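The values are calculated or read from the model by the stated rules, or taken from the named source; none is laboratory data. If you're wondering where the values come from, they're calculated on a predicted model, not measured in any experiment. Note that we place each Cβ from the backbone using ideal geometry, even for glycine, and neighbour counts take in every protein chain shown. When the accessible area is computed, the model is the full protein with side chains, heavy atoms only, and any ligands, DNA or RNA have been set aside. Shrake-Rupley method; radii C 1.70, N 1.55, O 1.52, S 1.80 Å.
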Amino acid sequence: MIYFDNSATTAAAPAVLATYQAVSQDFFGNPSSLHALGDKADGLLQQARQQIAELIQAQPDEIYFTSGGTEGDNWVIKGTAIAKRQFGKHLITTEIEHPAVKNSMAQLEQLGYEVTYLPVDQHGAIDPADLQAALRDDTILVSIMAVNNEIGSIQPLKAVADILATHPKVHFHVDAVQSIGKGLLPLLRLPRIDFLTFSAHKFHGPRGTGFIYAKRGRQLAPLMTGGGQENNWRSGTENVPAIAGMAKALRLLLTAEPAKVQRQQAIKTKIYQHVAQKAKVTVFSEDNANFAPHILCFGIRGVRGETIVHAFEEHAIYISTTSACSSKKGTISGTLAAMHIPDEIATSAVRVSLDENNTLAEADAFIAAFDQIYARFELVNS
């Protein structure tokens with residue numbers, strides 16, 4: 001079996017599962033309890049917070065645990081809208097964000113907020129000049145993903161940060177779910193970025209857990225109220241086993257990161273160079289520094305993406321039709337639509353997404369299967 005759908009989810013690492021099990025057995029106390037078992041669990045919770053903070057070059061009190069990327073995006077966007085509503089009701093995002101961002105924005109629009117959606121070019125990137133033009137005195141938040149989850153385009157966050165340097169009261173949020181472990185930490189840790197969203201299951205951690213980075217001094221209204229956990233910002237009994245597993249997964253991910261990124265880039269390049277030479281293939285991702293090393297999106301014209309996915313599945317190779325969150329709905333990629341790709345071409349799109357465990361031998365097997373699949377559909381559509 002070859003698993004090339006790592007942007008949808010990743011398999012939990014064996015060491016992470018071992019950590020989860022050990023913590024579940026030995027640290028089962030509620031971290032808020034006053035007794036020794038509670039203290040023991042809380043100690044491990046704070047140890048995980050410290051480790052995660054060090055790994056992303058932040059401070060422990062800037063790390064808040066969540067249930068994953070969707071909650072993190074919802075929290076930063078809606079929490080900003082609530083906390084800063086007296087200063088303005090205008091938010092800015094892009095046309096290619098994850099549904100967790102886009103649908104949060106849409107919900108706020110129903111509540112009377114205004115949202116500006118920045119367009120993207122044929123490369124899937126925004127023009128910073130559009131952001132400059134969109135900023136207003138009542139703008140309270142800019143939310144822009146680091147890496148697009150469908151084609152892998154990297155957004156010009158440095159240029160965005162430079163523009164927002166003259167707008168210090170505007171919250172700057174980056175959805176970093178697809179970018180961690182891909183050699184992009186210097187981009188994520190630009191000083192002007194106020195909030196980052198992460199999800200553990202994208203880097204071999206347990207599902208249902210994640211965290212946000214919230215810069216000291218920035219305020220968010222809590223969405224989850226209750227017992228006052230996470231410094232009164234996010235109530236609910238903490239999932240200590242999953243959080244400990246997430247910290248372990250992040251440490252493993254960032255160990256020898258450059259070599260892992262280089263290997264993923266080599267695999268992507270090999271597949272890219274092969275499929276791009278086929279007459280009926282359209283490649284939506286690019287093989288350069290403006291794109292992440294692990295995502296390759298392409299299509300065979302005249303063949304629907306889901307048909308290609310199932311054809312590869314016959315070879316025990318697992319890929320997806322762009323975003324996993326929309327693949328079963330049969331909808332056209334929102335990113336490709338924003339790039340003005342014609343529907344008849346966009347419906348052919350599939351996504352290969354890699355991780356540090358994939359190999360060049362798997363790329364060879366993928367290419368061999370691709371050639372068979374391409375020949376079959378070329379014959380049918382000739």
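Odds and ends about this structure:
- Residues being out of contact with any strand residue (DSSP E or B) (no Cβ under 6 Å at 6 or more places or on another chain) and modelled with pLDDT of 90 or more - total across the stretch 312-333: 5
- First in the stretch 255-278 and under 13 Å from Phe370 (Cα atoms), second anywhere and at pLDDT below 95, Cβ under 9 Å, 6 or more apart: Lys278/Glu378
- The lone exception for Lys278 - which of (1) open to solvent by 50 Å² or more (accessible area, probe 1.4 Å); (2) outside any loop (DSSP other than H, G, I, E, B); (3) not β-branched (Val, Ile, Thr) it fails: (2)
- Criterion (out of contact with any Phe, Trp or Tyr (no Cβ under 7 Å at 6 or more places or on another chain) and touching a residue at least 24 places away in the same chain (Cβ under 8 Å)) met by exactly one of Val309, Val303, Val240: Val309
Residues checked against (1) surrounded by fewer than 20 Cβ atoms within 10 Å (Cβ to Cβ); (2) more than 19 Å from the chain's Cα centre (by Cα); (3) polar (S, T, N, Q):
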site: Thr139; (1), (2), (3): no, yes, yes
site: Ile144; (1), (2), (3): no, no, no
site: Glu150; (1), (2), (3): no, no, no
site: His173; (1), (2), (3): no, no, no
site: Pro186; (1), (2), (3): yes, no, no
site: Leu190; (1), (2), (3): yes, no, no
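- Those residues of the stretch 68-113 which are open to solvent by 10 Å² or more (accessible area, probe 1.4 Å), among the charged types (D, E, K, R) and within 21 Å of Met224 (Cβ to Cβ), in sequence order: Glu71, Lys78, Lys84, Arg85
- Selection count where residues are of a type outside the set (A, V, I, L, M), outside any helix (DSSP H, G or I) and surrounded by fewer than 23 Cβ atoms within 10 Å (Cβ to Cβ), scope the stretch 40-67: 4
- Test: residue in the stretch 14-22 that is over 27 Å from Phe195 (Cβ atoms), polar (S, T, N, Q), surrounded by fewer than 17 Cβ atoms within 10 Å (Cβ to Cβ) and under 29 Å from the mean Cα position of the chain (by Cα): yes
- Residues in the stretch 192-202 that are crowded, with 20+ Cβ neighbours inside 10 Å and among the charged types (D, E, K, R): Asp194, Lys202.
- Residue-level check: of (1) closer than 20 Å to Ala176 by Cα; (2) touching a residue at least 12 places away in the same chain (Cβ under 8 Å); (3) not charged (D, E, K, R), Ala15 misses just (1).
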